[in-house]
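Before any comments, here is the structure.
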Amino acid sequence: MPEGMILKGVGGLYSVKSPQGIYGCRARGLFRKEGITPLPGDRVIFDVTDENDSEGYLSEICKRKNSLVRPAVANVDLAFIVVSPVDPEPDFLLVDKLLCIYESKDIEPVICINKADLAEKNDIQSISELYKNAGYDTIVTDARTGSGILEMEKMLHDRIVVFSGQSGVGKSTILNKIMGDYRMKTGGLSEKIGRGKHTTRHAEFIEAGDGYIVDTPGFSSLDPGLLNHKELAFLFREFREYEGKCRFSGCLHINEPDCAVKEAVEKNLVSRDRHSRYVKIYMQAKEAEIKRRGY
Ligand SMILES: Nc1nc2c(ncn2[C@@H]2O[C@H](COP(=O)(O)OP(=O)(O)OP(=O)(O)O)[C@@H](O)[C@H]2O)c(=O)[nH]1
Ligand SMILES: [Mg+2]
Ligand SMILES: [Zn+2]
């Protein structure tokens, strides 16, 4: 049976890309019974029911590496978290929550500092240093002129990539720029990515060379219930080297005495702001869990 990858799913009809072409496939009741919703990014095995019309049925969904809720996609390799130093003012709490979510799902995050043309050099530098020191790759872009976009495109190779971040930071503008580059390379036509209220609600893959990118409508807050507070300390990358060095095993690095992470904050080895946001996210995630359980 042929194998392929779901590019999009609308109204129970899935576009499956296979070496033989794109097939429109329906899902069998089987998946609904098992509580599985096929997602873009899923590797699937399908039955061809009509070769002429390229129609088929999904018969199996291969094991997922991960899946996201927003955008609802599977098997994501890389996430660009877009942040703008100005207009809108950066929401670092959101950035750090997104980082935790990607860390928990084994998705490599890259911080993209956009609107470099509007920002002060110092502001770009301080955001870049903050996240480099925490162990992340950062990239500086100006979606208007396209500076930095080529560097981004080099990271797309053979990967499923999502863009996320606050509303208005320039995700769609960057995507349009990338698509424009590929359009020029391939001579093909492609639609513009929606902005604001025109943003499509379902996740859809955009092919960029041999990589796939997914736009996400911006958001102002994230459901803290998406994170498990007990795992949070492991999701802050720069805390990991202090693991096992606190006085108490299972130290949360919040109020405990002789905490190696808090000592590192005092010595400026770990950013105080990142640590404060860790505490905040921990509290929010814990509260969300209490609400969920009801005690
Ligand atoms: N000066 C400047 N403006 C930019 C840049 N990137 C985006 N913009 C502008 O910023 C505004 C918002 O850009 P969008 O691409 O719609 O932002 P978005 O992140 O997709 O926003 P949502 O879809 O609401 O999440 C638009 O007016 C863009 O033209 C940039 O690098 N420099
Ligand atoms: Mg957008
Ligand atoms: Zn500690």
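Each value in this text was obtained by applying a stated rule to the coordinates, not by laboratory testing. Predicted, not measured: the structure shown is a model, and the values here were computed from it. Cβ atoms come from the backbone with ideal geometry, glycine included; neighbour counts cover every protein chain shown.
Can you tell me which of 74-80, 88-94, 267-273 comes out highest on packing, and rank the rest after it, using the mean Cβ neighbours within 10 Å?
Numbers: 74-80: 22.3, 88-94: 16.1, 267-273: 13.9.
So the peptides 74-80, 88-94, 267-273, ranked by packing, come out 74-80, 88-94, 267-273.
Which residues in the range 275-295 place their backbone N less than 17 Å from a point set 7 Å from the Cα of residue 263 along the Cα-to-Cβ direction?
Under cut-off, by backbone N: nothing.
Express in nm, to one decimal, how much length is gained between residue 207 and residue 230 on full extension, taking 0.36 nm for each residue of separation and deducting their alpha carbon distance.
Details: separation 23, 0.36 × 23 = 8.28 nm, distance 3.73 nm.
Here the answer is 4.6 nm.
Using the basic label-point model (7 angstrom from Cα toward the beta carbon), what is the residue 241 to residue 122 distance in nanometres?
2.8
Evaluate 2.2 N^0.38 Å with N set to the residue count of the range 225-293, then give the Cα radius of gyration divided by it. Intermediate values should be presented prior to the final figure.
Values: Rg = 12.1 Å, N = 69, 2.2 N^0.38 = 11.0 Å.
Ratio of Rg to 2.2 N^0.38 Å for the range 225-293: 1.10.
What does the extension gain come out to for residue 34 and residue 89, with contour length at 0.36 nm per residue minus their alpha carbon separation? The partial results should precede the final answer.
Details: separation 55, 0.36 × 55 = 19.80 nm, distance 4.34 nm.
Here the segment from residue 34 to residue 89 would lengthen by 15.5 nm.
Show me the ranking of peptides 239-250, 110-121, 54-65 by mean Cβ neighbours inside 10 Å, starting with the highest. Intermediate results must be reported in sequence, preceding the final value.
On the way: 239-250: 12.9, 110-121: 18.9, 54-65: 16.2.
The peptides rank, most packed first, as 110-121, 54-65, 239-250.
Between helix 121-133 and the chain, what is the angle of the helix's C-alpha long axis to the longest principal axis, kept within 0 to 90° and rounded to the nearest 10?
For 121-133 against the chain, the angle is about 90 degrees.
List the pairs from 63/132; 115/154; 115/280; 63/230 whose alpha-carbon separation is above 22 Å, in the order I gave them. Numbers along the way, then the final one.
Working: 63/132 33 Å; 115/154 20 Å; 115/280 28 Å; 63/230 26 Å.
Over 22 Å Cα-Cα: 63/132; 115/280; 63/230.
For the chain, modelled as a GNM with alpha-carbon contacts under 10 angstrom, which of 138, 37, 49 fluctuates the most?
Comparing 138, 37, 49 in the GNM, the peak value goes to 49.
Enumerate the lysines that residue 17 could reach by cross-link, defined here as Cα to Cα under 17 Å, with residues fewer than 8 away along the same chain left out.
Straight-line reach from residue 17, under 17 Å: 8.
Among all the aspartates and glutamates, which ones have a C-alpha under 14 Å from residue 65's C-alpha, if same-chain residues fewer than 8 places away are not counted?
Output for residue 65: 42, 77, 103, 106, 108.
Whole number please: convex hull volume per residue of the Cα set in the chain, in Å³? Walk me through the numbers before you get to the answer.
Working: hull volume 45.9 nm³, N = 295.
Output value, Cα hull per residue: 155 Å³.
What value does the range 3-61 have for Rg/Rh, both radii from Cα atoms and Rh as Kirkwood defines it?
0.93
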